């Protein structure tokens, strides 16, 4: 197992400008499988992912990436609306490798191989900004995957995609998992959570209410908030 | 035909028969201004991008200063560079005063803040959109600057164009540090000023037409490139 795991959060809080976004989060994540973070809007899911990526620092508590000093290059993240440089699809898929100092020649070779895996070979020379939403997400996933991360964080990777786009993205996420990368992702799509997740972290009001294997979470949720959420009776936005 | 009409026809005649004096002045103007713009580009664009991406105390104050320097009066730059290059100045030993090199130095001082300020604004806008993702990809500061400069390359043409416009049309600074010496440091703008005062309108008009044509051509090329880039990459 990589030195990156387990990811350990102990009493983690995040309170920028006095507004409490996360409070008392205790969580331990192993290095395998897909963890889906569920919860209503404003529960702190995206903030949690950004913390795991090292983009945000907790204002309280401790966050440890195994025995590693920090998240480093073994952690990658794909955002809900991934940015695309004004360049070709091929150049964009190799962007993560550029940050790792990989030569242009190597980026091109590995980029072509990745585009074949994500079904964008015929788009290699086109502008990345002219791709559809689903193609952009596949490209962003390929870009992150190409860096061979041990931990991949996905923030709402299929939000506002059509069913065929969702199916294509989910197929790639499964392949990334099979490739040995730990995936932690947020979604509002409960069907997607049942299809992809090995375990579910349920957040509400900035706190972890439940962390359980996916079947157990959906069959026998323990917390009242999770029960209401699964039934669709918990408000989808929680204010602070 | 009035005097102006005759002067205009004579100006066209000098241009079409590639009058040696006209060609010499145009060549020196292009050499000086394009060298200055090239140096300004090499220094100003990375400087502007670094200012946009970097985190340092006084960042906003630095942006205000660079923006203010865009309006630096050319004659003031001329005086400052003159003092620096004069025999008793800190760079007097280089012996550059009244040479094309001195004119390049003055024009670099003029275009550098202009290009840096435009680059800073363009790159800062892109950085706002990309910062989080580039940080997630573990881009270093230097790699981010290079990546952003490349990504904004078509917008940064505006900065280069602005530099070309400023350098080509500037007269005060090059007059002071170059001296407007015939066959040595006489460029289009200083020649136009001199020949107009002497009453040699054909030469002044001929050079004026070339100056306008150069500016129009550069802008046309840049516009075409931007239209192409928008269709290709946006």
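Here residue A:52 fulfils each of the conditions (1) part of a loop (DSSP other than H, G, I, E, B); (2) modelled with pLDDT of 95 or more apart from (1).
If you filter segment A:55-66 down to residues that are surrounded by 15 or more Cβ atoms within 10 Å (Cβ to Cβ) and assigned to a loop (DSSP other than H, G, I, E, B), you find that the one that is nearest to the other protein chains (Cβ to nearest Cβ) is A:55. Checked against (1) modelled with pLDDT under 95; (2) within 14 Å of chain B (Cβ to nearest Cβ); (3) buried (at least 17 other Cβ atoms within 10 Å of the Cβ), residue A:69 passes all but a single condition, namely (3). Can you name the residue in segment A:113-127 that is loosely packed, with under 15 Cβ neighbours inside 10 Å and either more than 13 Å from chain B (Cβ to nearest Cβ) or in contact with a helix residue (DSSP H, G or I) (Cβ under 6 Å, 6 or more places away or on another chain) (or both) and, of all such residues, is nearest to residue A:163 (Cα to Cα)? Checked segment A:113-127; the qualifying residue nearest to residue A:163 (Cα to Cα) is A:119. For residue A:82, the conditions (1) surrounded by 20 or more Cβ atoms within 10 Å (Cβ to Cβ); (2) more than 8 Å from chain B (Cβ to nearest Cβ); (3) outside any helix (DSSP H, G or I) are fulfilled apart from (2). Of B:138, B:186, all but one fail to be within 14 Å of chain A (Cβ to nearest Cβ), assigned to a loop (DSSP other than H, G, I, E, B) and more than 12 Å from the chain's Cα centre (by Cα); the exception is B:138.
Yes/no matrix, rows are residues, columns are (1) outside any helix (DSSP H, G or I); (2) within 14 Å of another protein chain (Cβ to nearest Cβ):
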{"site": "B:79", "(1), (2)": "no, no"}
{"site": "B:83", "(1), (2)": "no, no"}
{"site": "B:89", "(1), (2)": "yes, no"}
{"site": "B:110", "(1), (2)": "no, no"}
{"site": "B:115", "(1), (2)": "no, no"}
{"site": "B:122", "(1), (2)": "no, yes"}
{"site": "B:130", "(1), (2)": "no, yes"}
{"site": "B:156", "(1), (2)": "no, yes"}
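Residues in segment A:176-198 that are touching a helix residue (DSSP H, G or I) at 6+ places or on another chain (Cβ under 7 Å), within 21 Å of residue A:5 (Cα to Cα) and surrounded by fewer than 18 Cβ atoms within 10 Å (Cβ to Cβ): A:198 only. Assessment of segment A:128-140 against the conditions (in contact with a strand residue (DSSP E or B) (Cβ under 7 Å, 6 or more places away or on another chain), touching a residue at least 40 places away in the same chain (Cβ under 8 Å) and surrounded by fewer than 24 Cβ atoms within 10 Å (Cβ to Cβ)) yields no matching residue.
Taken as a whole, the structure leaves residue B:196 outside the set of residues that are outside any loop (DSSP other than H, G, I, E, B), more than 10 Å from chain A (Cβ to nearest Cβ) and buried (at least 21 other Cβ atoms within 10 Å of the Cβ).
Need at least 2 residues that are within 14 Å of chain B (Cβ to nearest Cβ) per element, so show me which helices (runs of 4 or more DSSP H) inside segment A:128-217 make the cut, counting only ones lying wholly within it. In segment A:128-217, A:133-145 are the helices (runs of 4 or more DSSP H) which contain 2 or more residues that are within 14 Å of chain B (Cβ to nearest Cβ). Listed by position, the strands (runs of 3 or more DSSP E) inside segment A:1-49 whose residues that are in contact with a strand residue (DSSP E or B) (Cβ under 6 Å, 6 or more places away or on another chain) and farther than 22 Å from residue A:170 by Cβ number at least 3 are A:7-14, A:22-29. Exactly one residue among B:68, B:62, B:7 is part of a helix (DSSP H, G or I), touching a helix residue (DSSP H, G or I) at 6+ places or on another chain (Cβ under 9 Å) and surrounded by 17 or more Cβ atoms within 10 Å (Cβ to Cβ), and that residue is B:7. Does residue A:95 meet the test of being modelled with pLDDT of 95 or more, closer than 25 Å to residue A:228 by Cβ and within 14 Å of chain B (Cβ to nearest Cβ)? Judged against the criteria, residue A:95 is not a match. A single member of A:159, A:168 is over 19 Å from residue A:40 (Cα atoms) and either touching a strand residue (DSSP E or B) at 6+ places or on another chain (Cβ under 8 Å) or surrounded by fewer than 23 Cβ atoms within 10 Å (Cβ to Cβ) (or both), and it is A:168. When A:35, A:88 are screened for being surrounded by 15 or more Cβ atoms within 10 Å (Cβ to Cβ) and either within 11 Å of another protein chain (Cβ to nearest Cβ) or touching a helix residue (DSSP H, G or I) at 6+ places or on another chain (Cβ under 6 Å) (or both), only A:88 passes.
Taken together, the criteria exclude residue A:119 from residues that are in contact with a strand residue (DSSP E or B) (Cβ under 7 Å, 6 or more places away or on another chain), assigned to a loop (DSSP other than H, G, I, E, B) and within 30 Å of residue B:232 (Cα to Cα).
Residues that are over 23 Å from the mean Cα position of the chain (by Cα) and either within 21 Å of residue B:153 (Cβ to Cβ) or more than 11 Å from every other protein chain (Cβ to nearest Cβ) (or both) within segment A:98-112 comprise A:102, A:103, A:104, A:105, A:106, A:107, A:108, A:109, A:112, listed in sequence order.
The values are calculated or read from the model by the stated rules, or taken from the named source; none is laboratory data. Predicted, not measured: the structure shown is a model, and the values here were computed from it. Because the Cβ atoms are built from the backbone with ideal geometry, glycine has one as well, and the counts that use them run over all protein chains shown.
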